[in-house]
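**Q** My structure is below; once you've seen it, I'll send some questions.
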Amino acid sequence: MKLLHTTLIFILICFSSSAYSDKFVDPDHQAENSVTLQILHYLDSSAYLRNVSSEQSIVVCQKAILLSEESQDPNLLSKSYKTQGINHYYAGTYDSAFVYYEKSIPQFEAINSKVDIGKVLGNIGLLYRKQGKYDKALEYYLNNLKIYKEANYEEGLGSVFNNLGNLYFETNEFNKAETYYQYALRNFKKFKKTKEIANAYCNLGAVSETRKEFATSLGYYNKSLHENSKIGNILFESKLLFNIGFLLHSQAKLDSAIIYVQRAEDIRIKIGDKDGMVSAKLELARISIDQKKYTLAEKYLLEADKIAVTNSMLKWRAEILESLTTVYRKTGNYKKAYLHQNEMIQISDSLNDIQTTNRFAELSTAYEIEKNQKELELLQQKSQIQNLELGKKNAWIIILMIVMILGAVAIVVSLRINRLRADHKIMDLRQKVLLTQMNPHFLFNSLTAIQSFILDKKNEEANNYLSRLASLVRGILENSREEFVSLRTELETLKDYIGLQKLRFENEINYEFEIDKNIDQDQVLVPPMLAQPFVENALIHGMLRTNPNAQIQVKISLNKNLDLLRFQIKDNGIGIDEAKRNRQDKNHKSIATSIALDRVKIYNFKSSKKMHFEIIDLNHLDQNSHGTQVCYTIPLLLYCNRS
């Protein structure tokens, strides 16, 4: 039916184009207006095809772009480029969307359309937000807001406020998110935009829900339902009902939660929304698990799994299998629990592979489109060259070949230079790490302590200190040459370091290593000496060496999806804020910490899967606590099994 509908649209477009062309008498005006109408029809058709076939919408819009570039009319060029940018956004090919949005801005500037420039900047901000580049997204959103205010386009401010609210919500800055959602709500009310008002109430409900202000959140969701009832958007209604059910579930109001989620499920079934049906059944199963109704939970999960299998919904299947594992474990059916757990892990691995494949496909699509466009441009150039004299044609061909060769050489040389710079930086950082760990001051103090033990005829203490120092030096020298070492080796080196510091400071520093029992310390590989700088900071800047109750806790665990290794280093020192205040040099920055963070950047540069880092003063989490907590995660891509 969709194909038939699309075909009819094209027939009507072609027919209307012919009909319009018959109305003009002057041949020049007739040709000019015919091209303009043809471009506009292509753009309208492209916009319609977004919901039918993203690929076709891009192809049709490309025809409009080629005609617009021939006409060099900024009105047509601006619309064509912007439309293609939107097409690529819906297709998920964000790199190409950036290209066309950027192309549209000079054309809108040429016709002095500030409002359209603002809209394009907002769209670019949305692309950056989708990519997690929140600083860039904020920059474009604020420029969008500035242009709307300069153009007195008050009606558009609500959408910008809403975008800013979404950005701050995603970055967990909920106070700012609420402020901008309230701004958006007031603007939408002023211009009586019912759909947007309902959406603003829903967003405010989500903010309150994250703060566990359940009564306030429920109030916002009900207001959103009331506004939505004016326009009858049943899909949005089902989402709100689901949110309310989820909210009640989190409050342990399980009977009420089931009622709302079932209402949401009924709507999803009515409109044939397979994704929504699976989501609702999964939530009903989770509520049933909390009610200890495991047979009912299994029923919902098997129904959801049937839909997910039929429609190849791998992401949903992973969540369904995880819940089925819980059901079978709680009912004592450990064999089924084991089988479903294994299948869930396999699907999670497949999802990671699919994400990589999709990214490659996106780049391939963008490359093919760009390649086709360049081929068309090249054909046009060749056509023009053929109209010139033979000598000029040969000269242009030679120049073109030289430019292409030089361009290729420049690209190869640039890539080679960048790679060499990266390699040099890695080597430089390795040497800095080695020098930071074994600095002359530390060695001098260690050797002085050994000398003091010898002079005091404390041979056993001197021997113990010297043995630990030798072990630490050997470990650092060996590990500094390796990009990865086993987790056991890393922990042994860290224990030697802490033990040596205990002898040096003559202070009982309690330390605890808590390792997840599922982690094979000999098989898992980690970057060497990444934890040591933060232990050193705790001892030196955290003032643990003078703290009679000094304690360091190192906790290593796997995340729920078994794809990340999480390091947590916690101390009960004075905390990073107090340490900064106590420093005589206020601009001082820990060299060891800086190098550790640079190492993380290099690993992230070299790997598609990223390491994440977080340093927190415990006083920010609990005013009665003090100390520092360093957390970082390492993707499983950084691990391998030894043969």
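**Q** Grab the Cα-Cα distance for Arg211 and Leu455, subtract it from 0.36 nm times how many residues apart they are, and report the gain in nm with one decimal.
**A** Extra length available between Arg211 and Leu455 comes to 81.6 nm.
**Q** Accessible surface of Lys336 in the full protein assembly, 1.4 angstrom probe, to the nearest 10 Å²?
**A** Looks like 80 Å² after rounding.
**Q** Can you sort Leu254, Leu204, Leu142 by 1.4 Å-probe accessible area, starting with the largest?
**A** Leu142, Leu254, Leu204
**Q** Now a separate question. Which value in nm describes the separation of the simple spin-label points at Thr194 and Leu420, placed 7 Å from the Cα toward the beta carbon?
**A** In this crude label model, Thr194 to Leu420 measures out at 6.8 nm.
**Q** Keeping all protein chains in the complex and leaving out DNA, RNA and ligands, what accessible area do you get for Met404 with a 1.4 Å probe, in Å² to the nearest 10?
**A** My reading of the accessible area for Met404 is about 120 Å².
**Q** Also, quick follow-up: Kindly sort Asp598, Asp456 by accessible area of their heavy atoms, largest first, with the probe set to 1.4 Å.
**A** So the residues, ranked largest to smallest area, are Asp456, Asp598.
**Q** Are there trypsin sites (Lys or Arg not before Pro) in the range 109-181 that DSSP marks as loop and that have at most 14 other Cβ atoms within 10 Å, and which are they?
**A** Passing both the DSSP loop test and the Cβ count: Lys133.
**Q** OK, next. In the range 85-128, which residues have a backbone nitrogen under 16 Å from the label point lying 7 Å from Asn152's Cα in the Cα-to-Cβ direction?
**A** 114-115
**Q** Contour minus end-to-end for Thr179 and Leu142, with contour as 0.36 nm per residue of separation and end-to-end as the Cα-Cα distance?
**A** Full extension from Thr179 to Leu142 adds 11.8 nm.
**Q** Kindly state, to the nearest 0.05, the FRET efficiency for Tyr334 paired with Thr171, given R0 = 45 Å and r defined as their beta-carbon distance.
**A** 0.60
**Q** If you don't mind, there's one more thing I want to ask. What FRET efficiency comes out for the pair Lys555/Asn624, r = Cβ-Cβ distance, R0 = 25 Å, nearest 0.05?
**A** 0.75
**Q** So who's got an amide H within less than 5 Å of the one on His612, skipping anything under 5 residues away but keeping other chains? H placed 1.01 Å off N, in plane.
**A** It is Thr633, by chain and number.
**Q** How many angstrom lie between the C-alpha centres of the range 513-527 and the range 75-127?
**A** First find each Cα centre; the distance between them is then 49 Å.
**Q** Show me, for the range 237-249, the HN-Hα J-couplings you get by feeding each phi into the Karplus relation (A = 6.51, B = -1.76, C = 1.60, θ = phi - 60°), rounded to Hz, glycine and proline as x.
**A** So the Karplus estimates, Gly and Pro as x, are 4, 5, 5, 5, 4, 5, 4, 5, x, 4, 4, 5, 4 Hz.
**Q** Taking a probe of 1.4 Å, how large is the accessible area per residue of the range 596-637, in Å²?
**A** 56 Å²
**Q** What are the ³J(HN,Hα) values, in whole Hz, obtained from phi via the Karplus relation 6.51 cos²θ - 1.76 cosθ + 1.60 with θ = phi - 60°, for each residue of the range 402-418 in sequence order, with x given for Gly and Pro?
**A** Residue by residue, the range 402-418 yields 4, 4, 5, 5, 4, x, 5, 4, 4, 5, 4, 5, 4, 4, 5, 5, 4 Hz.
**Q** Check each of the trypsin sites (Lys or Arg not before Pro) in the range 477-526 and keep only those in coil by DSSP with at most 13 other C-beta atoms within 10 angstrom; list them in order.
**A** Filter output for the range 477-526: Arg481, Lys517.
**Q** 7 Å from Cα along Cα→Cβ at both Gln291 and Ala47: what's the point-to-point distance in nm?
**A** 4.7 nm
**Q** Then there's this: Ordering Lys189, Lys570 by how much accessible area each has at a 1.4 Å probe, largest first, what is the list?
**A** Sorted by accessible area, descending: Lys189, Lys570.
**Q** Assuming 0.36 nm per residue, please report the length gained on full extension of the stretch Ala410 to Ser350 beyond their Cα-Cα distance.
**A** Additional length available on full extension: 17.8 nm.
**Q** So for the pair Lys130, Glu343, with labels modelled 7 Å out along Cα→Cβ, what separation do we get in nm?
**A** 3.3 nm
**Q** How big is the accessible area of Ser608 in square angstrom, nearest 10, if you roll a 1.4 angstrom probe over the protein chains?
**A** Accessible area, nearest 10 Å²: 100 Å².
**Q** Could you look at the range 149-192 and say what percent of its accessible area is carbon and sulfur, using a 1.4 Å probe and all protein chains?
**A** 44 percent
**Q** In the structure displayed, which of Lys79/Lys176; Lys82/Lys270; Lys130/Lys299; Lys212/Lys336; Lys136/Lys560; Lys119/Lys192 lie more than 29 Å apart, Cα to Cα?
**A** Result: Lys79/Lys176; Lys82/Lys270; Lys130/Lys299; Lys212/Lys336; Lys136/Lys560 exceed 29 Å.
The values are calculated or read from the model by the stated rules, or taken from the named source; none is laboratory data. The structure presented is a predicted model; accordingly, all values stated were derived computationally and were not measured. Note that each Cβ is placed from the backbone with ideal geometry, even for glycine, and that neighbours are counted across all protein chains shown. Each accessible area value is taken on the protein alone, full model and side chains, heavy atoms only, with ligands, DNA and RNA left out. Shrake-Rupley method; radii C 1.70, N 1.55, O 1.52, S 1.80 Å.
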